[in-house]
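Novice: My structure is below; once you've seen it, I'll send some questions.
Derivation of every value follows stated rules applied to the coordinates shown; laboratory data play no part. Worth saying up front: this structure is predicted, and the values here are computed from it rather than measured. Cβ sites come from the backbone with ideal geometry, for glycine too, and all protein chains shown count toward neighbours.
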Amino acid sequence: MPPTTPPAADPIDQLREIGREFHQRGWSLGTSSNYSVIISRDPLELLVTASGKDKSALGRDDFVRVDANGNVCDGSNRRSSAETLLHCTIAQLVPATGAVLHTHSIWGTLLSRTDLAAGSLRIEGYEMLKGLEGIATHDTTEEVPIFANTQDMPRLSEEIRGRFAAFDFSAPGRPPVHGFLISGHGLYTWGRSLAEARRHIEIFEFLFECTARARTLPAASGAS
């Protein structure tokens, strides 16, 4: 008999597992966070977590399909996450995006407030930077843009579009950025696949904790 092709993984089950894992690791507590996968490019459609759901116990009905403007297009009366428009914006700005993940970790939230005035969080010199797509050496810098928090998602979406206008996400090699922070809120990152987006969350969360903890350490004297 000819070999059979294994069925494609169900994105709903994958996102449910992401929710359980991220809750256990303290990155998606309560009803915080939202996750999506791109299920169609033409027209653009995303599968995104519904609003107000405990990410540790997502059910199969806790997801909605939305169009490029964030409007529910699956005929259901469920509401998508309040931040759905940001997922749609990322999917449009970064053509290779296959999934978008948003977390509310302690370290990311704290750093997003302390570094808001600078406009970005600088991370440099860590070996774990190589876990971000396209980075091949620790001897580099990642600038994570930070945006002020607001409940006005259309306005925030336009601010992101304005900042990202300087980036060429279609160029080969290392992407210009791998994610962004919203002050006092959390991290958005993405990947070509859900697995890559999940890896970016894990790498960023490690780097955020290292960065924050390092700031509490006494400076090396440099003298013997």
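Novice: For segment 12-64, compute Rh as the Kirkwood radius over C-alpha pairs and then the Stokes-Einstein diffusion coefficient at 10 °C and 1.306 mPa s; write the answer in µm²/s, rounded to an integer.
Specialist: D, rounded to a whole number, is 142 µm²/s.
Novice: Compute and list, largest first, the equivalent-ellipsoid semi-axes of segment 100-224 from the alpha carbon gyration tensor, each √(5λ) rounded to a whole angstrom.
Specialist: With the √(5λ) rule applied to segment 100-224, the semi-axes are 24, 19, 14 Å.
Novice: Restricting to Cα pairs below 8 Å that are 6+ residues apart, what does the relative contact order work out to for the chain? Please round to a whole percent.
Specialist: Taking the mean separation of contacting Cα pairs over the length of the chain, I get 19 percent.
Novice: Amide H to amide H, which residues 5 or more places from residue 73 or on other chains are under 5 Å from it, using H placed in the peptide plane?
Specialist: Residues meeting the amide H criterion: 65, 66, 67.
Novice: OK, next. Can you work out the FRET efficiency for the pair residue 167 and residue 79, with r the C-beta to C-beta distance and R0 = 35 Å, to the nearest 0.05?
Specialist: Between residue 167 and residue 79 the formula returns 0.65.
Novice: A further question follows. According to the Cα gyration tensor, what semi-axes, each the square root of 5 times an eigenvalue, does the equivalent ellipsoid of segment 11-141 have, listed from largest to smallest in whole Å?
Specialist: Semi-axes, largest first: 28, 18, 14 Å.
Novice: Now for a separate question. Give me the log10 of I(q) over I(0) for segment 89-170 at q = 0.21 Å⁻¹, as the Debye formula computes it from C-alpha points; what are the numbers?
Specialist: -1.36
Novice: Sticking with this one: If you project the alpha carbons of the chain onto their three principal axes, what span does each projection cover, largest first, in Å?
Specialist: Taking the Cα atoms of the chain, the three principal extents are 68, 52, 36 Å.
Novice: Along segment 85-91, what does the Karplus equation 6.51 cos²θ - 1.76 cosθ + 1.60 (θ = phi - 60°) give for ³J(HN,Hα), rounded to whole Hz, x for Gly and Pro?
Specialist: Karplus values, whole Hz, x for Gly and Pro: 4, 5, 4, 5, 4, 4, 4.
Novice: P(r) for segment 73-136: what percent of alpha-carbon pairs falls in each 10 Å bin, starting at zero?
Specialist: Binned Cα distances yield the sequence 14, 31, 41, 10, 3.
Novice: Placing +1 on the Cβ of each Lys and Arg and -1 on the Cβ of each Asp and Glu in segment 11-214, which of 173, 114, 153 has its Cα farthest towards the positive end of the resulting dipole?
Specialist: It is 153.
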